[in-house]
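Trainee: Have a look at the structure that comes next, please.
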């Protein structure tokens, strides 16, 4: 499990594509600091992946077809930057919200507005996932735990403070970019129960 509090930034140094599967090698100073082991779970842009090779500051991970289809990884290029978060120890403090690293879908950045020292980003999301996004609720965008500040039909906005802009890759995003979206796990179960009751 994760919290959506990014601990470091990694850089893609190699991509080996095999149809819809891929093997990524990512380099980051964080890996030297935390010294991950084979089999450890790490969130890359909000996607929980397993370390299949570890060499100093580099980690290799395998991406299966389901992950490629559901996330923005298909647009990844060498030298792209990634948000990183190691799995949460059971004794650690929970600062963000419960993030599983199971990306639901992608959303497209359609607007950026500077609001004094913060920046508001507005995304367009597939209507299938519209019910899972609620104003003042939590959402993980490329692995970053954020609060929904506004909600419209198939659109939602979040506001980023200067720290988040500087310490994550969200400050790099341009209009038209796709980001990974994980909706709040509690909200998923509530919506599923409501839909089940509606058809009974």
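The values are calculated or read from the model by the stated rules, or taken from the named source; none is laboratory data. These numbers were taken from a predicted model, which means no experiment stands behind them. Because the Cβ atoms are built from the backbone with ideal geometry, glycine has one as well, and the counts that use them run over all protein chains shown.
Trainee: Among the listed residues 34, 42, 47, identify the single one that is within 26 Å of residue 138 (Cβ to Cβ) and over 18 Å from the mean Cα position of the chain (by Cα). Quick ask: steps written out before the conclusion?
Mentor: Details: 42 fails: over 18 Å from the mean Cα position of the chain (by Cα); 47 fails: over 18 Å from the mean Cα position of the chain (by Cα).
That would be 34, the only listed residue that is within 26 Å of residue 138 (Cβ to Cβ) and over 18 Å from the mean Cα position of the chain (by Cα).
Trainee: Considering every residue within segment 11-24, establish whether at least one is in contact (Cβ under 8 Å) with a residue 12 or more places away in the chain and over 24 Å from residue 178 (Cα atoms). Walk me through it before giving the result.
Mentor: Taking segment 11-24 first, the residues in contact (Cβ under 8 Å) with a residue 12 or more places away in the chain are 11-15, 19-24.
With over 24 Å from residue 178 (Cα atoms) added as a condition, the list becomes none.
The answer is no, given that none of the residues of segment 11-24 is in contact (Cβ under 8 Å) with a residue 12 or more places away in the chain and over 24 Å from residue 178 (Cα atoms).
Residue by residue, here is whether (1) under 22 Å from residue 28 (Cβ atoms); (2) loosely packed, with under 14 Cβ neighbours inside 10 Å holds:
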position: 92; (1), (2): yes, yes
position: 108; (1), (2): no, no
position: 128; (1), (2): no, yes
position: 139; (1), (2): no, no
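Trainee: Shifting gears a bit: Give, as residue ranges, the strands (runs of 3 or more DSSP E) completely inside segment 121-200 that count at least 2 residues that are at pLDDT 95 or above and farther than 17 Å from residue 46 by Cα.
Mentor: Working: elements: 138-141, 144-152, 155-160, 178-183.
Ranges flagged: 144-152, 155-160.
Trainee: With the requirement that a residue be without any contact (Cβ under 8 Å) to a residue 40 or more places away in the chain and out of contact with any strand residue (DSSP E or B) (no Cβ under 7 Å at 6 or more places or on another chain), what does segment 93-124 give you?
Mentor: Correct list: 93, 114, 116.
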